[in-house]
1. Suppose the Debye formula is applied to equal point scatterers at every Cα of the chain; what is log10 I(q)/I(0) at q = 0.08, 0.10 Å⁻¹?
2. Compute the angle between helix 187-223 and the longest alpha-carbon principal axis of the chain, please, reported from 0 to 90 degrees and rounded to the nearest 10.
3. Helix 134-148 versus the longest principal axis of the chain: what angle, 0 to 90°, nearest 10, using Cα atoms?
4. For each of 22, 55, count neighbouring Cβ atoms within 10 Å of the residue's Cβ, then give the residues from fewest to most.
5. Fewest to most neighbouring Cβ within 10 Å: what's the order for 172, 141, 159?
6. Taking a ≥ b ≥ c as the square roots of the Cα gyration tensor eigenvalues, with a/c under 1.5 meaning rounded and otherwise prolate when a/b beats b/c, else oblate, which class fits segment 114-224?
7. For the chain, modelled as a GNM with alpha-carbon contacts under 10 angstrom, which of 164, 180, 41 fluctuates the most?
8. How much mean residue ellipticity at 222 nm does the chain get from its helices, if each DSSP H run of length 4 or more adds -39500 (n - 2.57) and you divide by all residues, to the nearest 500 deg cm²/dmol?
């Protein structure tokens, strides 16, 4: 199980450092429903990651992701494909990042409606941004495949997946913890976090995808 945990830690960090979801939860914490919407968003985020990871583990279990303690060939091919996709997304993001003199980065238009979110919408937003967002989806699939390829039993797979989800949730959970710990005093800290994430979103995402994409390519090549 140690090998599985070691494999998923960097992938979990890649999911955790997701500027747009972090900005979304910070905006929710500035609304009258902050005390319910913030935790609901985090819960949805956890469920989204867990569902995707569990589905991949179930599929992997049915097609033998491990052979004599070594990754099956299809797992290595999957890592190559995921690594290549992340590299392409990273290069695209880096080339499209705001340059000096450009206008301030614009946030998705749906964020303008966050003030009207109720708890169900906050829950759904968390699930969609964790489980359906392309970058997070690729990383979660990669993490589950990395767990499956170690050949550990179902209980150990569940523990490794839970650790991945825990690490991947740190980013969106941190603002909620700050909000409940500091109350009204958290506003300046959260606003600063939001502004920095918004300004550096493209660069952060590009670097993460380039680094993790390269790692997955290396893992895939090593497994063939």
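Since every read-out is calculated from the coordinates, none of them should be taken as a lab result. For clarity, every value in this text was computed on a predicted model and none was experimentally measured. Note that each Cβ is placed from the backbone with ideal geometry, even for glycine, and that neighbours are counted across all protein chains shown.
1. One equal scatterer on each Cα of the chain leads to -0.30, -0.47.
2. 10 degrees
3. Long axis of 134-148 versus the principal axis of the chain: about 40 degrees.
4. Values: 22 24, 55 14.
Least to most surrounded, the residues fall as 55, 22.
5. Going from least to most buried by this count: 159, 141, 172.
6. On the way: a/c = 2.30, a/b = 1.66, b/c = 1.39.
Prolate.
7. Per the Cα network of the chain with a 10 Å cutoff, 180 tops the list.
8. Numbers: 8 runs with 171 residues, N = 224.
So the helix-based figure for the chain works out to -26500 deg cm²/dmol.
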